[in-house]
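Working notes, beginning with the structure itself.
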Amino acid sequence: MPEDTQSPVGITLVGAGVVGRGVLAILDEQTALLKQRTGIDFVVRHVVVRDAARHSDLSTRHALTSDLDAAITDPAVGIVVEVMGGIDAAAAVLHAAFAAGKHVVTANKALIADRAAELFRAAKGRGVAIGFEASCGGGIPIIDALTRGLLGNRIDALVGIVNGTCNFILTQMSDNGWTYEKALAEAQREGFAEADPTLDVSGRDAAQKLSILASLAFNAAVREDDIAVVGIDTVQADDIRFARELGYTIKLLAIAERTGDALALRVHPSLVHDGDLMADVGGSFNAISVYGHAIGHQFFYGRGAGQRPTASAVVADIIGIATGVIPHAFGRLNIYPDSLGPARVLPFEQTHSRYYLRVTVRDEPGVFADITRSLGDNGISLSGVHQKEIDVAGASVPVVVTTHKATEAAMRRAVAAIDALPTVLPKTVCLRIVEQPTEYAEA
Ligand code: HSE
């Protein structure tokens, strides 16, 4: 990077998909603003694409190339921006950039979640930095908050809606009665979804983001595998409707909580009470609640997916690197996964939650007693029972049961016992009811 901040900062952009094009657009549109704020001219020297013909619309303003090595090693380039996605090929780009002494900005949460320690170590070994704000929460500056604004806090919990695609799908199903398939197709068309949308709907994308955020928040390396994951592909329209009738909205929540000296880590569809701020987070918006010992509850809300918001975070990192802010923190602070020990993880079976059960029963005498006995035998206390009236004697009918807090292990045993009842038609649907943590947990 040039010492003289008036010198241009050269950028190589690797990938010209949704996010890459958004970065080019912001740098083009805001050249004067960025110059005024930083004193720096940001110049995109190379846009690396596999097939230049497919990106011919960019060729009048940008130098398209498929020569990755030359684009990375160009002495006029100080920052390599990786927005190509994938893991192995993207990791190779980052290592090549480090070897050439270039800083990196990436939007690639799968890469950071999978390879953080290796990549951060390699970058530090070459005296360069990685900016990864765009990997979590789209345009929300949550990485900046965790690595700067909230550093004085012991974080007790982090709860987020961190996948825009899932939130968009659940919102459309809930508010507009769309089918799951229609909502997913629209999320793909809007550019929210991953190239492989099963990463979104399975909850894996959210788990990758949670692993990144929780590592920063709790000073312990959290791996994707540490996180229990249930996707939204398990959510049915009936449950969205019944939950609404009970005053809840279903959201895919990513949750990391300090419990004693371990972390409880999970991603799953969750019933959120309508009075909870999270219930109002609609469409592709994301929100992250952070609970710190000094700040109490802070709520970060904004567009969590899509071209412009994600590109906004990439551009913020380009500026942070060019001005030296990110490299300084990166080299100085012991908060990144390369300097953290492994997280102590509470096994999922031992985590506590309230539950929503939808049991399909034959409408016969004694059914409620059987269900409550199955729960009671496992130490689980009911908080409500709701049955829909039907007018066909003996037909099957949904019974919705809500419970007080219990462990996953107890609930699994109870659901197995319920599904074994002769009056029940398996499989019982089991979702978790999530209440926001209490502010100011015990020190
Ligand atoms: N597929 C991701 C989402 C993109 O829907 O949230 C942003 O990381």
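The values are calculated or read from the model by the stated rules, or taken from the named source; none is laboratory data. Because the structure is a prediction, the values reported are computed rather than measured. All Cβ positions, even for glycine, are placed from backbone atoms using ideal geometry, and neighbour counts span all protein chains on display. Side chains included, ligands, DNA and RNA excluded: accessible areas come from the protein's heavy atoms. Shrake-Rupley method; radii C 1.70, N 1.55, O 1.52, S 1.80 Å.
A 1.4 Å probe run over the protein chains yields, for segment 333-390, 51 Å² of accessible area per residue, whole-number rounding. Working from label points 7 Å from Cα in the Cα-to-Cβ sense, the His297 to Thr38 distance is 3.7 nm. Helix 164-176 and the long axis of the chain differ in direction by around 40°, with both axes built from C-alpha atoms. Each of His352 and Ala185 was given a label point 7 Å from its Cα along the Cα-to-Cβ line. The distance between the two points is 4.6 nm.
Give a quick list of trypsin sites (Lys or Arg not before Pro) in segment 60-153 that DSSP marks as loop, anything other than H, G, I, E or B, with at most 13 other Cβ atoms within 10 Å.
Answer in residue order: Arg61.
Our coupling estimate for segment 259-276, obtained by passing each phi through the Karplus curve with A = 6.51, B = -1.76, C = 1.60 and θ = phi - 60°, is 10, x, 9, 10, 10, 8, 10, 7, 10, 7, x, 9, 7, 10, 5, 4, x, 7 Hz, Gly and Pro reported as x.
The phi torsions of segment 288-302, fed into the Karplus equation with coefficients 6.51, -1.76 and 1.60 and a -60° offset, translate into couplings of 10, 8, 10, 10, x, 5, 9, 8, x, 8, 10, 10, 9, 9, x Hz, rounded to whole numbers, with Gly and Pro shown as x. Summarised in one figure, the compactness ratio Rg/Rh of segment 404-443, Cα atoms and Kirkwood Rh, is 1.19. Remark on Phe285: its backbone amide H falls under 5 Å from those of Gly304, a criterion applied only to residues 5 or more positions apart or on other chains, H modelled at 1.01 Å from N.
Extension gain for the segment Ile87 to Ala441, taken as residue separation times 0.36 nm less the Cα-Cα distance, is 123.6 nm to one decimal. Our coupling estimate for segment 395-401, obtained by passing each phi through the Karplus curve with A = 6.51, B = -1.76, C = 1.60 and θ = phi - 60°, is 6, 7, 8, x, 10, 9, 10 Hz, Gly and Pro reported as x.
Using a Gaussian network model on the chain with a 10 Å cutoff between Cα atoms, which of Ala217, Ala417, Ala193 fluctuates the most? Ranking Ala217, Ala417, Ala193 by mean-square fluctuation puts Ala417 first. Taking GluC sites (Glu not before Pro) that fall in a DSSP loop and have at most 12 other Cβ atoms within 10 Å as cut points, what is the longest piece of the chain between them? The longest such stretch corresponds to 4-388. Treating each Cα of segment 281-431 as an identical point scatterer and summing with the Debye formula, the log10 of I(q)/I(0) at q = 0.09, 0.20 Å⁻¹ comes to -0.56, -1.20.
With only Lys, Arg, Asp and Glu charged, each at its Cβ (+1 for the first two, -1 for the last two), find how big the charge dipole of the chain is about the Cα centre; round to the nearest 20 debye.
That gives the chain a dipole magnitude of about 560 debye.
Across all directions, the shadow cast by the convex hull of the chain built on its C-alpha atoms averages 22.4 square nanometres. With R₀ fixed at 22 Å, the C-beta to C-beta distance from Glu245 to Leu382 puts the FRET efficiency at about 0.80.
Here the calculated FRET efficiency for Ser339 and Thr31, from their Cβ-Cβ distance with R0 = 51 Å, stands at 0.90, rounded to the nearest 0.05.
Helix-only mean residue ellipticity at 222 nm, the chain, DSSP H runs n ≥ 4 weighted -39,500 (n - 2.57), per residue, nearest 500. What is it? Present the calculation step by step, with values, prior to reporting the outcome.
On the way: 14 runs with 154 residues, N = 443.
When only DSSP H runs of four or more count, the value is -10500 deg cm²/dmol.
For the pair Leu277 and Thr234, a Förster radius of 22 Å applied to the C-beta separation gives a FRET efficiency near 0.35, rounded to the nearest 0.05. So which lysines can Lys35 reach, going by Cα to Cα under 27 Å and dropping same-chain residues fewer than 8 places off? Of all the lysines, those that pass the test against Lys35 - Cα under 27 Å, at least 8 places apart if same chain - are Lys102. Heavy-atom accessible surface of segment 268-332, averaged per residue, reaches 36 Å², computed with a 1.4 Å probe.
Of the heavy-atom accessible surface of the chain (probe 1.4 angstrom), what whole percent is carbon and sulfur? Using a 1.4 Å probe with all protein chains present, the chain comes out at 50 percent carbon and sulfur. Annotation for Ala395 and Asp67: the two label points, set 7 Å from Cα along the Cα-Cβ direction, are 7.2 nm apart.
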